[in-house]
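Quick notes on the structure that follows.
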Amino acid sequence: MARIATNPALDIQPDFASPTFELLRNRIIGGTQTTHQEVAADLIAAWQQDRNLRSIAWVEQETEDARLAAEAAQAEHEHLEQERLRIEQETEAELREVEKKKPKINDFKSGMAVGDTLTPRPSQYAIHKLKTFEYVELWYFSPDGCKETSDEAKSTADDTFGFAKVDDFVALKPVASFKASRKAIQDHSLEWRQFDLAKNNFLLYINKLNWPEKHQRALTMFFMNIVAHPSRSEPFGERALLLYTARVRRDWHDLLVLDNAFDISVFNLLLLKNMTEEIWNKTRFESLTERLSILTRPYKISSYT
């Protein structure tokens, strides 16, 4: 059924007995004996029946319109509610993100005094290397390496600053803090006392920086094997052990990156023997070169008057 534009109950019944409908009445009467009054009554009844049918349809139409309007209002309400929840969740997420980026300070133990000794502090360069589990020379953890860090901290006038990204922010940081020191000494060139003190400080810092327990135990045993090895008392024994320390530890870090690292705590006697022979051969060669240099040196003839 076509849509009804107006309420049929408001329609006004035509006067079918009026002269306006006389022509229509005559056509209906035709050759019958029906009177104008009877035809007018039939037209009124037909019109009323049609109005009743249209009134029923109008009520159904109004009911359907009300249902559709309610569904649309409900859908709009749900959409607005979803939008409100989305905005609320995004706002909460942004607030959490801002909260995470705020500088935080950890708690401290009330009434607890500072210790009797302070751990020497290496450079930011060395600490950064440890934080990223990269190889770094033990010299940075020696008294000399920590003293250089302390001396640099006392004089910041000549510091060169560079940009560094921290989270989503760009900050200025001293470039020297992230550069290797020109005074750094390779592990195999350290004096034994420097090495002994440096490895203790190194082990303290990997513990402070929460290295995995397995790695800490392996490195601790590695250094214990070095300092307790009987070849220390032999000629060039400490030099060979320092060379073993330098090369093995660097190789271990390189293989960690490849996820193929060995157990550094297991000591390889054959490797140490080969390195000891390498040092002996180098020493013999240097001694021979020095002797040849003396033998081939031209003599100076003195003149006496």
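The values are calculated or read from the model by the stated rules, or taken from the named source; none is laboratory data. Here the structure is a predicted model, which means the values were calculated and not measured. With ideal geometry, Cβ positions are generated from the backbone for all residues, glycine too; neighbour counts draw on all protein chains shown.
Against the conditions (1) among the hydrophobic types (A, V, I, L, M, F, W, C); (2) assigned to a helix (DSSP H, G or I); (3) within 30 Å of LEU204 (Cβ to Cβ); (4) under 29 Å from the mean Cα position of the chain (by Cα), TRP139 satisfies every one except (4). Scan region 102-119 and give yes if some residue there is in contact with a strand residue (DSSP E or B) (Cβ under 8 Å, 6 or more places away or on another chain) and either assigned by TED's automatic domain parsing to the domain that holds THR245 or over 23 Å from TYR244 (Cβ atoms) (or both), otherwise no. Checked region 102-119: no residue is in contact with a strand residue (DSSP E or B) (Cβ under 8 Å, 6 or more places away or on another chain) and either assigned by TED's automatic domain parsing to the domain that holds THR245 or over 23 Å from TYR244 (Cβ atoms) (or both). Residues that are under 30 Å from HIS253 (Cα atoms) and among the aliphatic types (A, V, I, L, M) within region 92-144 comprise LEU118, ALA126, ILE127, LEU130, VAL136, LEU138, listed in sequence order.
Among the residues of region 218-228, is any at pLDDT below 85, among the aliphatic types (A, V, I, L, M), surrounded by fewer than 15 Cβ atoms within 10 Å (Cβ to Cβ) and in a loop (DSSP other than H, G, I, E, B)? Checking region 218-228: not a single residue is at pLDDT below 85, among the aliphatic types (A, V, I, L, M), surrounded by fewer than 15 Cβ atoms within 10 Å (Cβ to Cβ) and in a loop (DSSP other than H, G, I, E, B). Scanning region 1-49 for residues that are closer than 30 Å to GLU60 by Cα, of a type in the set (A, V, I, L, M, F, W, C), in contact with a helix residue (DSSP H, G or I) (Cβ under 8 Å, 6 or more places away or on another chain) and surrounded by 10 or more Cβ atoms within 10 Å (Cβ to Cβ) yields ILE4, ALA9, PHE16, LEU43.
Note on region 235-269: residues that are among the small types (Gly, Ala, Ser), free of Cβ contacts under 8 Å to residues at least 40 places away in the same chain and not in a helix (DSSP H, G or I) amount to 1. I'm trying to understand the selection: among the residues of region 71-120, which are under 30 Å from LEU203 (Cα atoms) and surrounded by 10 or more Cβ atoms within 10 Å (Cβ to Cβ)? Hits for region 71-120 are THR119, PRO120. Going by what's in this entry, would SER189 be described as surrounded by fewer than 16 Cβ atoms within 10 Å (Cβ to Cβ), farther than 22 Å from ARG121 by Cα, assigned by TED's automatic domain parsing to the domain that holds HIS128 and among the polar types (S, T, N, Q)? Here the answer is no, as SER189 does not meet what is asked.
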